[in-house]
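Colleague: One structure is given below, represented as structure tokens, and several questions about it will come after.
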Amino acid sequence: AQSVTQLDSHVSVSEGTPVLLRCNYSSSYSPSLFWYVQHPNKGLQLLLKYTSAATLVKGINGFEAEFKKSETSFHLTKPSAHMSDAAEYFCTGTASKLTFGTGTRLQVTL
Amino acid sequence: EAGVVQSPRYKIIEKKQPVAFWCNPISGHNTLYWYLQNLGQGPELLIRYENEEAVDDSQLPKDRFSAERLKGVDSTLKIQPAELGDSAVYLCASSDTRAPRVDTQYFGPGTRLTVL
């Protein structure tokens, strides 16, 4: 079985500073991993996905995530936060079914 | 390419009334999912279809919820009768699971249901 854990329910950063949203996974095999973003009153939008190709995955809007097997992590990063990045972020993984946690709410302040 | 389409976007009904949500997946996607998302929570899978077959409906409350995907394309999720606790956002997603290791799900905007 596979599960993912988001380590922070809420992250607050200042505009222009780096973003780090943490996600750990547990799996007995190489997983597919995804980050989704959800803005208020919107559906989930795919940011990026890892499918055992390159360990550093680049996504939309300047986000990227690195798959680290030794740490069983798939943290999401962005060098410089923008106000429009404020949203809920979900890390999830699947073999055939996505299981979501409660997500990480990113707050971006001036 | 058109994304996943859902309608209506918003629905307000009184308890004990029936309600239905419609979803049209991305063209060519064989797998369709219905999720329920409560406020402040992540989505929870209700049912997953591969083509017209419901392959995972273990989390669907079958006493009041039903779903269909008769021709393996669009799908309808129904609640009858609705209860106050059904107020939530109902998300539809689709993916093409036929290609190896390509199981990315694409989500629609959701239907926000309010039961009064």
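Colleague: Just to be sure before I move on: is A:T72 within 21 Å of B:G110 (Cα to Cα), of a type in the set (S, T, N, Q) and in contact with a strand residue (DSSP E or B) (Cβ under 7 Å, 6 or more places away or on another chain) in the structure I sent?
Modeller: Values: within 21 Å of B:G110 (Cα to Cα): no; of a type in the set (S, T, N, Q): yes; in contact with a strand residue (DSSP E or B) (Cβ under 7 Å, 6 or more places away or on another chain): yes.
For A:T72, the condition - within 21 Å of B:G110 (Cα to Cα), of a type in the set (S, T, N, Q) and in contact with a strand residue (DSSP E or B) (Cβ under 7 Å, 6 or more places away or on another chain) - is not met.
Colleague: Do the conditions hold for A:K49, that is, is it touching a Phe, Trp or Tyr at 6+ places or on another chain (Cβ under 6 Å) and among the basic types (K, R)?
Modeller: Working: touching a Phe, Trp or Tyr at 6+ places or on another chain (Cβ under 6 Å): yes; among the basic types (K, R): yes.
It is true that A:K49 is touching a Phe, Trp or Tyr at 6+ places or on another chain (Cβ under 6 Å) and among the basic types (K, R).
Colleague: Still on this structure: Checking A:T77 against (1) closer than 30 Å to B:C23 by Cβ; (2) in contact with a strand residue (DSSP E or B) (Cβ under 8 Å, 6 or more places away or on another chain), which test does it fail?
Modeller: (1)
Colleague: Identify all residues within the range A:75-110 that are under 17 Å from B:F107 (Cα atoms), at pLDDT 90 or above and of a type in the set (A, V, I, L, M, F, W, C); write none if there are none.
Modeller: A:A87, A:F90, A:C91
Colleague: Looking only at the range B:66-98, how many residues end up being open to solvent by 40 Å² or more (accessible area, probe 1.4 Å) and within 11 Å of chain A (Cβ to nearest Cβ)?
Modeller: Result for the range B:66-98: 1.
Colleague: Kindly establish whether B:D103 is charged (D, E, K, R), assigned to a loop (DSSP other than H, G, I, E, B) and crowded, with 17+ Cβ neighbours inside 10 Å. Spell out the reasoning first.
Modeller: Values: charged (D, E, K, R): yes; assigned to a loop (DSSP other than H, G, I, E, B): yes; crowded, with 17+ Cβ neighbours inside 10 Å: yes.
Against the criterion (charged (D, E, K, R), assigned to a loop (DSSP other than H, G, I, E, B) and crowded, with 17+ Cβ neighbours inside 10 Å), B:D103 qualifies.
Colleague: Hey, among the residues in the range B:1-58 that are open to solvent by 80 Å² or more (accessible area, probe 1.4 Å) and under 12 Å from the mean Cα position of the chain (by Cα), which one's nearest to the other protein chains (Cβ to nearest Cβ)?
Modeller: B:E44
The values are calculated or read from the model by the stated rules, or taken from the named source; none is laboratory data. All figures in this text were calculated on a predicted structure; none of them were measured in a lab. Cβ: placed from backbone, ideal geometry, glycine included. Neighbour counts: every protein chain shown. All accessible areas refer to the heavy atoms of the entire protein, side chains included, with ligands and DNA or RNA removed. Shrake-Rupley method; radii C 1.70, N 1.55, O 1.52, S 1.80 Å.
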